[in-house]
Amino acid sequence: MINCYQILGVRQDATAAEIKRAYRAKAKLLHPDKNSTSDSEAFKTLVRAYEILSDEKQRSIFDSSFFTRYSMKKGRVNSFDYRTWLLAREDYESRAKLIFFDLMHNREDEAVEEFKRMSMNHLDFNLKHWFSREDFMDYGYILAEELVLRQEYFDAVNLLEQIIRMEYSYEYFRLFFPEVISFTLGILKNHIDRVISDELALDVYERALDLGFSKNDNVFFLSRMAEEYKRLGDERMKEACLEEINALTGRKMR
């Protein structure tokens, strides 16, 4: 039986977020499309290990059959409690690190709650200021997934926009970037119009037009913007959106 934890290079008590990040990092190195010398069997083994550990039921079965239980609960008495130390501090860096710490230690609800609190009360708070580009892109994407699960779509899109712009300036996600794009488009097309306010929706769609999506996607955003402006009673801007659609498609929109 393969040791899934060893293959992914994570601890036995690794969180789902840590497992996901480790898989992405190793897959970029082993994927045959990106590495002509890569062992296809090693890549298949990596994928299988990830499938097992990313599924709660399969992971539980694997743990029961492969490991003894005593090692799962090891801990040091009187060890330094990093989370308690972060909680006692109110500076932006500590709060940002608390958010990602909780995200990686099965405290997703607390991470989202703290992120929302800081974003609402401190307009200049930005997670990316306190992490390396790679850490922000990894953890930011995982946080965006948690935000979507809690129907916090506007905040999720804001995070994903930063990640997409970073990827365009410095390729990091690579093989996984289509997944980022697909996830973002799913939010933009299904969870913005009539879900958040018209004003916020217009802001989201306007920024989406500058993110390098396809022509058809941009036509979708513009058509939604035209509808938003119509509801707000701004006929001039509605017509401007329709004119942009005409320019993109070559046909008259009314």
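Quick one: grab the alpha carbon gyration tensor of region 155-239, order the square roots of its eigenvalues as a ≥ b ≥ c, and give me rounded if a/c is under 1.5, else prolate or oblate depending on whether a/b is larger than b/c. Prolate, because a/c is 1.5 or more and a/b exceeds b/c. Rolling a 1.4 Å probe over the protein heavy atoms gives region 124-254 an accessible area of 50 Å² per residue. For helix 16-30, what angle does its Cα long axis make with the longest principal axis of the chain, in degrees from 0 to 90 and rounded to 10? With rounding to tens, the tilt is 90 degrees.
Build a GNM of the chain with springs between Cα atoms under 10 Å: which of Ile19, Ile61, Ile52 gets the top mean-square fluctuation? Sorting by GNM fluctuation, first place goes to Ile61. For the chain, the longest principal axis of the Cα atoms and the long axis of helix 177-190 meet at an angle of about 50 degrees.
Ser214 sits with roughly 60 Å² accessible to a 1.4 Å probe, with DNA, RNA and ligands left out of the calculation.
Hey, any idea what % of the chain's accessible area is carbon plus sulfur with a 1.4 Å probe?
Here it works out to 49 percent.
Within the listed set Ala144, Ala201, Ala111, the residue fluctuating most in the Gaussian network model of the chain (springs between alpha-carbon atoms under 10 angstrom) is Ala201.
Rounded to the nearest 10 degrees, the angle from helix 153-169 to the longest Cα principal axis of the chain is 80 degrees. The calculated 222 nm mean residue ellipticity attributable to helices in the chain amounts to -21000 deg cm²/dmol, summing -39500 (n - 2.57) over DSSP H runs of n ≥ 4 and dividing by all residues. If you take the alpha carbon atoms of the chain and fit the smallest convex hull around them, that volume is 159 Å³ per residue.
The values are calculated or read from the model by the stated rules, or taken from the named source; none is laboratory data. Everything numeric here is computed off the predicted structure, so don't read it as measured data. Protein only, heavy atoms only, side chains kept; ligands, DNA and RNA dropped before computing areas. Shrake-Rupley method; radii C 1.70, N 1.55, O 1.52, S 1.80 Å.
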